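Each reported figure results from applying straightforward, stated rules to the coordinates on display, with no laboratory input. Since this is a predicted model, take the numbers as computed values, not measurements. Virtual Cβ from ideal backbone geometry, glycine too; neighbours counted across all protein chains shown.
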Amino acid sequence: MNLRRFLVTALLVVAGICQLRADDFTASFDQANKLYEEGKFRDAAVAYEKIAVTGARSPALLFNLGNAYFKAGQMGEAIAAYRAAEMLAPRDPDLRANLQFARARVSGATLKPSWLHRAADALTLNEWTLLGLLPAWAWFALLIARQLKPALKLKLRGITLAAGFVTVLGITTLGLIASQHWNEHTAIVTARNTVVRYGPLIESSEAFTANDGAELRVLDAKNEWLQVTDDAKFTGWLRTNSVRVLN
Amino acid sequence: MSGLRRTITGFTPGRIQHWIRLAVVVAALVALTARATTFSAALDRDTIVLGDTATLTLKFDDGQPQGTPQLPQIPGLQISYSGPSSSFSFVNGKTSSSVTHTYVVKPTQVGDFVFPALTLSIGNETLKTEAIKFKVVRAATPTPGSETEQQQLALLRSVLPKKEFYVGETFVLELDLLIRNGVQGLGGTDLPGLQSQLQIDGCTAGRAVEGTRRQTTIGATAFTVIPLRIPVTILKPGSLKVGPLDGAVVVELPGRSQRDVFDPFGMFNRGVQQRVAVSAPEVTLTALALPETSKPLSFSGAVGQFKMAVSAGPTNVAVGDPVTIRVQVHGRGSLDAFTLPEQATWKEFKTYPPTVKTETTGDLGLEGTKSFEQVVVPQNAEIKELPAFEFSFFNPETKQYETLRQEPMPIIVRPAGATPSPTLALAGSKPEENKPAQDIVHIKPRLGTVTVNAAPWVQQKWFLAAQSLPALALLGAFLWRRRADTLANNPRLRRQKQVEQVVADGLDELQKLASEGQGDEFFATVFRLMQEQIGERLDLPASAITEAVVDDKLRARGLGDSAIDVLHELFQMCNQARYAPEQSAQRLEAIIPKLKMALKELQEVKS
């Protein structure tokens with residue numbers, strides 16, 4: 001009885017702390033929104049970033065951060081924020097519209113997402129995880145049912161085979177998506193007219209110029225340099241301080 | 001005494017001469033170190049042709065500074081350090097040394113320059129050079145077609161397709177480097193540096209591309225033309241000046257004119273290298289503003305010559321379903337300069353910002369296709385067609401606006417389902433929604449659900465551990481199935497398990513009956529448990545078990561005497577209880593351990 005009372009009290013305390021924290025975030029968020037509405041876009045971006053650096057993440061926070069950067073003329077930072085928000089709410093129509101709008105303003109070398117990347121970006125990694133593992137759980141449930149009720153074996157044979165096939169498909173897809181999530185990194189150029197060089201040295205000759213907002217795939221890293229490509233015809237090295245890298 | 005003599009006799013004439021020579025050398029070295037240090041600066045010429053370079057030397061005699069002397073920044077000059085050189089000489093007993101630091105001076109503009117006096121401290125001395133005056137002049141541009149021009153080793157010309165352009169128009173500025181035939185260019189061309197000079201106010205210049213080389217003739221002299229093509233876009237009206245442009249090219253003049261018997265093929269005849277400064281004069285062009293009077297509503301900044309293709313799909317939709325309009329604009333002009341024009345006739349559609357894809361062809365990127373994909377959403381079922389689509393551009397050739405038009409396309413719009421779309425519910429509150437979006441969607445007022453740096457599930461241990469549950473459950477079900485099958489196929493084992501359960505339940509019941517003092521039920525249960533356990537061991541029906549079986553069969557199976565005695569005792573207690581029921585709880589509870597012991601020993605009897 002004492003233990004139960006202790007657990008309830010502890011839960012209430014934790015919930016209270018979380019609520020206080022959420023209220024704190026909401027107040028800061030409202031203050032940042034006010035700066036945005038007043039046209040102080042850079043100040044608003046700084047205010048949104050202050051919330052984000054605490055580790056707090058919400059699609060609305062990152063969306064508004066992207067808007068503030070967009071209005072402040074920082075296209076790369078805006079696209080980076082929209083892309084981060086897209087990882088949390090990939091099907092938000094407002095977010096997709098703004099990301100498209102920002103991308104349309106970026107010229108020059110930039111990544112053109114393949115259909116595979118577009119499909120992968122349609123769901124969050126957690127949603128892909130559920131989608132990939134639910135068939136596996138269903139398949140195990142069928143196998144367990146066959147053990148508990150052998151009379152059902154014949155009836156469940158077809159659906160068990162189908163569930164097994166879907167499980168393999170789901171796990172494979174999840175593996176590909178997770179592999180892409182962990183291994184493929186995108187660098188978003190945040191500086192104007194960033195010079196991309198043939199080698200990771202300031203003395204290396206210029207390969208091409210990437211515009212603010214260009215999205216490039218990271219191939220390699222060396223010291224303060226990243227090797228990037230647009231997957232079309234441009235490949236080169238640029239400094240890490242001129243990009244934001246998305247995981 | 002003899003030792004002293006040896007010492008005195010050691011000062012022989014040869015020894016004395018040796019010491020004198022040594023003293024002279026030491027005196028010379030002392031004199032050398034004591035010599036005054038001098039410092040001078042010199043430029044190898046008084047006049048530098050723009051595009052060419054000169055050499056500046058700083059010479060230190062009999063001394064040198066610590067480190068490389070740092071030179072001041074002079075606007076209009078690029079100065080780079082080449083390296084040091086040193087020399088040491090000993091002439092007629094006089095020793096001298098000198099260190100020379102060499103710099104390459106490259107002017108970037110014409111004019112009179114003064115290289116200021118330099119002051120340096122070496123040891124305790126402060127040294128100062130004289131200021132150097134020099135001129136930077138532009139390479140003489142000979143009159144086109146003149147004899148002077150024909151005699152030039154290399155020439156630079158800027159070529160414009162015409163003199164009048166419109167704002168937004170893109171043209172190709174060609175810089176032609178002409179190298180006289182018989183003279184070989186060595187790749188030391190500084191033409192790319194010319195592009196940095198193309199800072200034309202009111203224009204943007206693209207990346208320069210070297211074109212195909214060709215031959216041309218000036219008078220009777222043949223030249224090879226190396227064209228450098230630069231796309232230029234006019235940004236504002238007015239008079240715009242291009243140039244003057246200055247560069248340099250390294251050429252190789254023919255060497256020996258006659259064949260060498262040892263080099264009949266001229267393989268080792270390398271000739272003489274020479275750096276030639278070239279210059280192209282200033283060119284003025286006129287940029288005209290686009291006419292405002294006849295500007296169509298669907299003009300969105302396109303200047304050039306274009307064609308348009310429009311398609312839409314799907315064309316059978318419900319209200320609220322998206323329809324994608326694909327517009328491809330193909331042609332010549334600055335593709336980056338225009339957007340998809342607003343369509344005034346698309347009021348019955350909600351429109352979203354279009355996606356844009358630009359594909360250029362050719363090295364200069366002046367031609368290509370700009371593709372727009374715009375999603376529109378029909379707002380009511382009355383719509384029968386996608387309205388006409390118009391795109392206008394200004395054609396600099398005809399000097400007038402031209403409009404491309406896609407006629408209306410039929411479309412079927414079905415009523416939406418029972419649930420009206422939120423857009424329809426809000427329709428009317430924002431009439432500007434019917435226009436193509438020209439700005440981002442506004443910020444969100446609510447923070448929503450906040451997560452704090454939560455890693456994806458697949459990276460969390462609890463989630464990975466949870467994935468083992470179905471496998472463990474399957475393993476459990478499998479083992480359970482195996483046990484059930486084993487029992488089903490082995491009646492004796494099944495009975496053994498059943499009896500174990502009956503005995504366990506019966507012992508619990510005995511405890512309860514004993515505490516309640518129910519003697520009849522207690523002994524009936526004791527009797528039943530003994531029958532069940534003995535029957536299971538002997539594979540006989542429980543009802544067939546009597547006290548007589550104990551001696552007849554159990555002893556033969558190896559049951560111990562003590563257990564047999566206890567069994568007899570228990571059987572007799574049960575029989576007696578039928579006639580004289582025992583009511584004492586203590587007596588009844590005392591029987592239970594005996595029964596447990598007897599049953600345990602029975603379970604160890606071979607079946």
Just tell me which aspartates and glutamates come within less than 18 Å, Cα to Cα, of A:Lys34; anything on the same chain fewer than 8 places away is out. A:Asp23, A:Asp24, A:Asp43, A:Glu49
When a/c reaches 1.5 or more, the comparison of a/b and b/c decides; with that in mind, is segment B:521-566 rounded, prolate or oblate per its Cα gyration tensor? oblate
Can you pull the semi-axes for segment B:286-424, root of five times each eigenvalue of the Cα gyration tensor, sorted largest first, whole Å? 33, 16, 12
Given the pairs B:Lys295/B:Lys444; B:Lys135/B:Lys241; B:Lys307/B:Lys347, which span a C-alpha to C-alpha distance of over 27 angstrom in this model? B:Lys295/B:Lys444
If N is the number of residues in segment B:272-348, what value comes out of its Cα radius of gyration divided by 2.2 N^0.38 Å? 1.98
Could you give the dipole magnitude of chain A about its Cα centre, charging the beta-carbon of Lys and Arg +1 and that of Asp and Glu -1, in debye to the nearest 20? 1140
Percent of Cα-Cα distances greater than 19 Å, calculated over segment A:70-197: 62
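For chain A, what is the calculated [θ] at 222 nm in deg cm²/dmol (nearest 500), taking -39500 (n - 2.57) for each run of four or more DSSP H residues and dividing by its residue count?
-20000 deg cm²/dmol
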Treating the angle as unsigned and between 0 and 90°, give the value, to the nearest 10°, between the Cα long axis of helix A:125-148 and the longest Cα principal axis of chain A. 10
Candidates A:Ala47, A:Ala56, A:Ala109; GNM for chain A (alpha-carbon contacts under 10 Å) flags as most fluctuating A:Ala56
Among A:Ala45, A:Ala72, A:Ala187, which one shows the biggest mean-square fluctuation in a GNM of chain A, springs joining Cα atoms closer than 10 Å? A:Ala72
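Take every Cα-Cα pair in segment A:144-247 and report what % of them are more than 22 Å apart.
50
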Would you list, by chain and number, the aspartates and glutamates whose Cα falls below 15 Å from the Cα of A:Lys233, excluding same-chain residues fewer than 8 positions away? A:Glu206, A:Glu215, B:Glu359, B:Asp363
If you filter segment A:156-247 for chymotrypsin sites (Phe, Trp or Tyr not before Pro), then keep DSSP loop positions with at most 16 other Cβ within 10 Å, what is left? A:Tyr198
Mind putting together the pair-distance distribution for chain A? All Cα pairs, 5 Å bins, whole percent per bin, short to long. 1, 6, 10, 12, 12, 12, 11, 10, 8, 6, 5, 3, 2, 1, 0, 0
Can you list residues whose amide H is under 5 Å from B:Phe115's amide H, if they're 5+ apart or on another chain and H is modeled 1.01 Å from N? B:Ile132, B:Lys133, B:Phe134
Which aspartates and glutamates does B:Lys236 reach when only Cα atoms under 18 Å apart count, and residues fewer than 8 places away in its own chain are ignored? B:Glu164, B:Glu169, B:Asp201, B:Glu292, B:Asp336
Please give the FRET efficiency for A:Ala191 paired with A:Ala145, using the beta carbon to beta carbon distance and R0 = 45 Å, rounded to the nearest 0.05. 0.15
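Would you calculate the convex hull of the Cα atoms in segment B:76-151 and tell me its volume per residue in Å³?
Value for segment B:76-151: 185 Å³ per residue.
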Compute and list, largest first, the equivalent-ellipsoid semi-axes of segment B:456-580 from the alpha carbon gyration tensor, each √(5λ) rounded to a whole angstrom. 45, 20, 12
With a cut-off of at most 14 other beta carbons within 10 Å, and DSSP calling the residue loop, which GluC sites (Glu not before Pro) in segment B:123-178 qualify? Please list them. B:Glu130
D (Stokes-Einstein, µm²/s), Kirkwood Cα radius, the protein assembly as shown, 0.890 mPa s at 25 °C: 63
Cβ-defined net charge surrounding B:Thr233, 12 Å radius [Lys, Arg +1; Asp, Glu -1]: -1
